[in-house]
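*Asks:* Input: one structure, supplied below.
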Amino acid sequence: MSIQPLLDALGIQEDAARALADDLRTQITELQGRLREAETHLEHLAITRKTVTVLVDRLPGA
């Protein structure tokens, strides 16, 4: 009995698992970038809200 077919099948599964892992790493990298952008945007919105609140408090009749 030859174990070569078994080794070939394992090689195919390893290649598929490696490709999936590579794809997931790529997706994670892209998502980390998008998360950084979203967090930066959120920070800017918080700063804008704080600035507008301070300015409104300084308006006459506020």
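The values are calculated or read from the model by the stated rules, or taken from the named source; none is laboratory data. No experiment lies behind these values; they were computed from the predicted model shown. Accessible surface areas use protein heavy atoms only, side chains included; no ligands, DNA or RNA. Shrake-Rupley method; radii C 1.70, N 1.55, O 1.52, S 1.80 Å.
*Asks:* Using the heavy atoms of the protein chains and a 1.4 angstrom probe, tell me the accessible area per residue for the chain in square angstrom.
*Replies:* 95 Å²
*Asks:* Still on this model: Measure off, as a whole percent, the carbon and sulfur share of the 1.4 Å-probe accessible area of the chain, all protein chains present.
*Replies:* 63 percent
*Asks:* Turning to a different aspect of this structure: Would you indicate which of [x] 16.4; [y] 14.1; [z] 13.4 is the value of Kirkwood radius over Cα pairs in Å derived from the coordinates of this structure?
*Replies:* Looking at Kirkwood radius over Cα pairs in Å for this model, the match is [x].
*Asks:* Full extension from Ala46 to Arg25: what is 0.36 nm times the residue separation minus their Cα-Cα distance, to one decimal in nm?
*Replies:* Stretched out fully, the Ala46 to Arg25 stretch lengthens by 4.4 nm.
*Asks:* Roughly how tilted is helix 4-58, in degrees to the nearest 10 and between 0 and 90, from the longest Cα axis of the chain?
*Replies:* It is inclined by approximately 0 degrees.
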